[in-house]
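What follows is a short report on a single structure.
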Amino acid sequence: MKITLEKIAALVKGRLEGDGAAVIEGVNNIDAAGAKEITFADEKHFEEASKCGAAAVILPEGEGKVGKPSIYVADVREAFAVLLKTFTPQLSFEKGVSPEAHIGKDVSIGKDVIIMPFAVVDDHAVIGDGVTLYPHTYIGQYAEIGDGSLIYSNVTVREHCRVGKRVIIHSSTVVGSDGFGFTTKDDVHTKVPQVGCVVVEDDVEIGAQVGIDRATTGATVIGHGTKIDNLVHIGHNCRIGANCLIVAQVGISGSTIVGDNVTFGGQTGTVGHIHIGGHSVYAARSGIIGDMPEGVFCSGFPVQPHHDWLRMQAALKKLPDMMKKMKALEKKLAAYEEGKK
């Protein structure tokens, strides 16, 4: 694909400085961009942008110049995302249900679907308009997939679970695995039936190899617009709010209630049966062991305000020197006490 800088500026609603007739053939990062490609830079990477091999650079509005044709925009990452989509060829699949797919009894299938070979849609399931099911997906009995959703290979959406509109689920994720519920008597663990479901609301994206447990009763809920990274586990009866960001290897224990717009850094973990307030950020490897208020930025285990955690980490680095000083003081004190006798 070849597009002039003038047309690119119009696409990203930016202000062009430089030769608008220059032709761009691709997009790339600062380090790898070539003479016919465009890249982007925020204020922290101006120097790299000025030295890079790109033909042009997308920059934040109001910032300086980098000695190359530039397009100034309000949000460089948003503009770059538009260009990535523009320059990336869209995959094309034939619409319809493959004869090599298995469609169960009493299944409802909408218009313009793509159901590829070896997908399984079990009895009484509902597949909305424009849904794409890749090979080896399994949609369980009475499960529902909303309009425009995209389900990649080896995903399992188990019985009675509901997936909303425009949801993306990446490979090898399981929606609706049994919750981890057991009773223990005389050192024997007995399974508690998990008869609830999972509800994934509209515009959610779920990464690869994620496990979302069905509720014991009722529903485990993933709120609309929430984005979940790879290798995340969400326990039974959790309720995750809208527009949350859950980074890789997070574990959220059962019956945890999470507000809207919460960000969990990688490897954050929670105990169960707690409430976590909305509009909050938890840094990587945070350990959340109790109810949390809204609007906080926390770190560490047990979790604490981020600035307190930073002070504690700084103090820990001084411990070896402090130990040396203490031992020296102990020797002086011992000598002093010995001299008094």
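The values are calculated or read from the model by the stated rules, or taken from the named source; none is laboratory data. Only a predicted model underlies this, so the values are computations on that prediction, with no experimental measurement involved. For neighbour counting, all protein chains shown are included, and Cβ atoms are generated from backbone atoms with ideal geometry for every residue, glycine included. Side chains are part of the model used for accessible areas, which takes the heavy atoms of the whole protein and leaves out ligands, DNA and RNA. Shrake-Rupley method; radii C 1.70, N 1.55, O 1.52, S 1.80 Å.
Descriptive notes on the structure:
- Enumeration of residues in the range 170-198 that are among the basic types (Lys, Arg) and under 19 Å from residue 272 (Cα atoms): 191
- The residue of the range 6-37 that is surrounded by the most Cβ atoms within 10 Å (Cβ to Cβ), among those that are under 17 Å from residue 61 (Cα atoms) and more than 32 Å from the chain's Cα centre (by Cα), is 16.
- Summed over the range 289-341, the residues that are at pLDDT 90 or above and within 30 Å of residue 276 (Cβ to Cβ) give a count of 15.
- 2 or more residues under 25 Å from residue 154 (Cβ atoms) and in contact (Cβ under 8 Å) with a residue 24 or more places away in the chain: qualifying strands (runs of 3 or more DSSP E) within the range 174-287: 174-177, 197-200, 211-213, 219-222
- Residue 57 meets all of the listed conditions (1) free of Cβ contacts under 8 Å to residues at least 24 places away in the same chain; (2) under 17 Å from residue 88 (Cβ atoms); (3) among the β-branched types (Val, Ile, Thr) but one, namely (2).
- Yes/no for residue 70 being open to solvent by less than 30 Å² (accessible area, probe 1.4 Å), closer than 22 Å to residue 132 by Cα and touching a strand residue (DSSP E or B) at 6+ places or on another chain (Cβ under 7 Å): no
- Residue satisfying all of: in the range 129-162; closer than 12 Å to residue 101 by Cβ and part of a loop (DSSP other than H, G, I, E, B); most open to solvent (accessible area, probe 1.4 Å) among these: 136
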